[in-house]
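K.L.:
Below is the structure I would like to discuss, written out as structure tokens.
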Amino acid sequence: MLWQPSLSAKYQAMSDHDLARAIAQRRAQLGNDLLILGHHYQQDDVIAHADLTGDSLKLSQLAAEESIKRATKYIVFCGVHFMAETADMLTPSDVAVILPDLSAGCSMADMADYDDVVTAWEELHEALGPDFPGRVIPITYVNSTAAVKAFVGAHGGACCTSSNAAQIFQWALNGGTEPRRNGEAIKLLFLPDQHLGRNTAKAFGFHTDVDAQLASNGKLAETAVWDPKHDFGGLTDQQIQKTTVYLWAGHCSVHKLFRPEHIDEARQQFADAGGIRILVHPECSQEVVDKADFVGSTEFILRTINDASPGSHWAVGTEMHLVARLAKQAAERGVNVRILSDCHCMCTTMFRINQQHLLWALDELAAGRVANQISVSDDVSEPARLALQRMLDNIAAAPPAAPQLVD
Ligand code: SF4
């Protein structure tokens with residue numbers, strides 16, 4: 001996590017209303033030079049100032065298009081660090097991308113440290129040995145640092161999002177950048193979210209490490225967690241040989257708070273009201289996803305609730321600010337939406353971006369200073385863009401299929 005100096009007392013003393021008014025004035029003053037992006041998990045008073053809202057990749061793609069149309073000079077990304085890096089890599093080089101609070105990182109992205117990934121790659125290949133008849137293809141969720149994306153791009157892999165992870169899995173299993181040869185073994189290293197990796201592997205019919213623990217029938221798991229804190233990921237030689245999908249030991253601290261028992265409680269509570277549908281994000285654990293009715297990306301969650309019939313009840317397992325906003329909008333159509341658990345399921349790093357920091361970043365721009373610019377060097381952005389481009393080429397060739405209904 002980067003260090004953000006404290007703001008001057010002036011910002012702390014302002015009321016929410018005064019902050020909102022001052023931000024609106026700065027936006028008007030900066031005009032088309034400025035584009036503000038707001039991630040879906042942002043708090044309401046910040047999202048109210050956004051020109052564009054969306055999930056991380058959608059925002060970066062929209063920003064790339066919009067910044068050219070509007071001749072934008074500055075993008076202020078109200079999200080977290082890796083999102084600003086992606087925006088910097090996808091937008092023209094003369095556009096400055098700004099993160100209003102440098103300490104807004106992503107705990108999941110930080111769990112895959114570049115040096116640890118290099119070590120894992122070397123150990124994995126050492127354990128597989130020179131006679132291994134195949135390739136390991138790395139895939140990284142976009143929720144990763146630019147350095148990890150660069151590693152993946154330089155080693156024949158691709159990025160994925162939660163809406164196209166299955167498509168990228170398929171691409172990699174088919175051989176990725178080179179078609180799979182007859183008899184060639186393909187193994188995947190999935191970074192940094194073990195849950196998205198495992199849930200996707202399960203949808204492909206792999207016997208996961210969680211399935212193996214639950215069934216305890218001796219059937220060997222085809223997925224295994226690679227824990228960088230231990231030599232060889234903490235895996236035995238046999239596990240390394242037998243595993244098809246190595247899952248990096250990373251997770252989202254928000255989505256891991258949802259538990260299968262929350263689903264049982266919600267179903268019980270709504271048993272006399274015609275039942276409740278459970279809709280969760282694939283960053284939740286396999287145990288939660290297995291019990292849910294629907295699983296899909298943030299955009300899928302938004303579409304599903306927007307299409308829900310009046311009178312229906314929904315429990316949604318994702319970040320609380322997004323669910324609260326959805327619940328408010330859905331209530332106007334007679335759709336009852338609540339969060340899956342009343343645990344405080346909030347992205348605390350995203351929450352660091354508040355109106356105070358947004359105003360400060362805009363004040364700096366108005367004074368001719370670019371504060372907190374996030375800039376990815378060419379030697380990193382070139383291979384990282386390769387990984388992003390392979391994903392975008394896959395989506396362009398065939399848009400992702402609708403997320404699955406879990407029965
Ligand atoms: S919700 Fe989870 S994955 Fe998303 S930014 Fe926050 S910590 Fe990272």
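K.L.:
Which value, in debye to the nearest 20, gives the size of the charge dipole of the chain about its Cα centre, when Lys and Arg are +1 and Asp and Glu are -1 at the Cβ?
P.N.:
Working: 32 positive and 50 negative charges, 186 e Å.
About 900 debye.
K.L.:
Hey, got the dipole for the range 255-339? About the Cα centre, +1 on K and R Cβ, -1 on D and E Cβ, debye to the nearest 20?
P.N.:
Details: 10 positive and 12 negative charges, 51 e Å.
In debye, rounded to 20, the range 255-339 gives about 240.
K.L.:
What chymotrypsin sites (Phe, Trp or Tyr not before Pro) in the range 1-100 are in a loop by DSSP, with at most 15 other Cβ atoms within 10 Å of the Cβ?
P.N.:
On the way: sites: Trp3, Tyr11, Tyr41, Tyr74, Phe77, Phe82; in loops: Trp3, Tyr41.
Within the range 1-100, the qualifying chymotrypsin sites (Phe, Trp or Tyr not before Pro) (loop, at most 15 other Cβ atoms within 10 Å) are Trp3.
K.L.:
What aspartates and glutamates sit close enough to Lys328 to cross-link, taking a C-alpha to C-alpha distance under 16 Å and skipping anything fewer than 8 places away on the same chain?
P.N.:
Within reach: Asp44, Asp45, Asp307, Glu319.
K.L.:
Pairs Lys202/Lys291; Lys202/Lys242; Lys149/Lys202: which exceed 18 Å Cα-Cα? Let's see the in-between values first.
P.N.:
Details: Lys202/Lys291 13 Å; Lys202/Lys242 16 Å; Lys149/Lys202 24 Å.
As for pairs spanning more than 18 Å Cα to Cα, those are Lys149/Lys202.
K.L.:
Another question, then. For every other residue with a beta carbon closer than 14 angstrom to the beta carbon of Ser162, add +1 if it is Lys or Arg and -1 if Asp or Glu, then tell me the sum. Mind dumping the intermediate values first?
P.N.:
Details: positive: Lys58, Arg198, Arg303; negative: Asp55, Asp193, Glu283, Glu299, Glu319.
Once all neighbours under 14 Å are counted, the net charge is -2.
K.L.:
Counting Lys +1, Arg +1, Asp -1, Glu -1, what net charge surrounds Gly205 among other residues with beta carbon under 12 Å of its beta carbon?
P.N.:
Details: positive: Lys202; negative: Asp211, Glu222.
Residues near Gly205 contribute -1 overall.
K.L.:
While we're on this one: Which cross-chain or sequence-distant (5 or more) residues have an amide H under 5 Å from the amide H of Ile137, H modelled 1.01 Å from N in plane?
P.N.:
HN-HN under 5 Å from Ile137: Lys187, Leu188, Leu189.
K.L.:
Let me ask you something else. Positive end of the dipole of the chain, charges at C-beta (+1 Lys, Arg; -1 Asp, Glu), about the Cα centre: which of Asn372, Ala146, Phe206 has its Cα farthest in that direction?
P.N.:
So the residue we want is Asn372.
K.L.:
Percent of accessible area on the chain owned by carbon and sulfur, 1.4 Å probe?
P.N.:
That fraction is 50 percent.
K.L.:
Shifting gears a bit: Restricting attention to the range 121-207, which GluC sites (Glu not before Pro) occupy a DSSP loop and are surrounded by at most 12 other Cβ atoms within 10 Å?
P.N.:
Numbers: sites: Glu122, Glu123, Glu126, Glu184; in loops: Glu184.
Taking the range 121-207 and a limit of 12 other Cβ atoms within 10 Å, the loop GluC sites (Glu not before Pro) found are Glu184.
K.L.:
Remind me, what semi-axes does the chain give for its equivalent ellipsoid, largest first in whole Å, using sqrt of 5 times each Cα gyration tensor eigenvalue?
P.N.:
Working: eigenvalues 254, 159, 65 Å².
So the equivalent ellipsoid measures 36, 28, 18 Å along its semi-axes.
K.L.:
Quick check: convex hull over the Cα atoms of the range 286-407, volume per residue in Å³, rounded to an integer? Walk me through the intermediate numbers first.
P.N.:
Working: hull volume 23.4 nm³, N = 122.
Spread over its residues, the Cα hull of the range 286-407 gives 192 Å³ apiece.
K.L.:
May I pose another question? From largest accessible area down, sort Leu30, Leu59, Leu220; use a 1.4 Å probe on the protein chains.
P.N.:
Details: Leu30 20, Leu59 0, Leu220 90 Å².
Ranked list, largest accessible area first: Leu220, Leu30, Leu59.
K.L.:
While we're looking at this one, here's another question. Taking the Cα atoms of the range 48-182, report the difference between the largest and smallest coordinate on each principal axis, in whole Å and largest first.
P.N.:
56, 30, 25
K.L.:
Mind listing the phi-derived Karplus ³J(HN,Hα) values for the range 387-398, rounded to whole Hz, using 6.51, -1.76 and 1.60 with θ = phi - 60°, and x for any glycine or proline?
P.N.:
Result, ordered by residue: 5, 5, 5, 4, 5, 5, 5, 5, 5, 5, 5, 7 Hz.
K.L.:
While we're here: Using 5 Å bins from zero, what percent of all Cα-Cα pairs in the range 255-339 falls into each bin?
P.N.:
3, 16, 29, 26, 19, 6, 0
K.L.:
Can you give the longest run of the chain that contains no trypsin sites (Lys or Arg not before Pro) sitting in a DSSP loop with at most 10 other Cβ atoms inside 10 Å?
P.N.:
Numbers: sites that count: Lys219, Lys229, Arg369.
In the chain, the maximal stretch lacking such sites is 1-218.
K.L.:
Name the residue farthest towards the positive end of the dipole of the chain from the options Gln238, Leu388, His321, assuming +1 on Cβ of Lys and Arg, -1 on Cβ of Asp and Glu, about the Cα centre.
P.N.:
Of Gln238, Leu388, His321, it is His321.
K.L.:
In nm, give the distance between the simple-model label positions of Asp131 and Leu214, each being 7 Å from the Cα along the Cα-to-Cβ direction.
P.N.:
3.7
The values are calculated or read from the model by the stated rules, or taken from the named source; none is laboratory data. For clarity, every value in this text was computed on a predicted model and none was experimentally measured. For neighbour counting, all protein chains shown are included, and Cβ atoms are generated from backbone atoms with ideal geometry for every residue, glycine included. Surface accessibility is based on the protein's heavy atoms, side chains included, excluding ligands, DNA and RNA. Shrake-Rupley method; radii C 1.70, N 1.55, O 1.52, S 1.80 Å.
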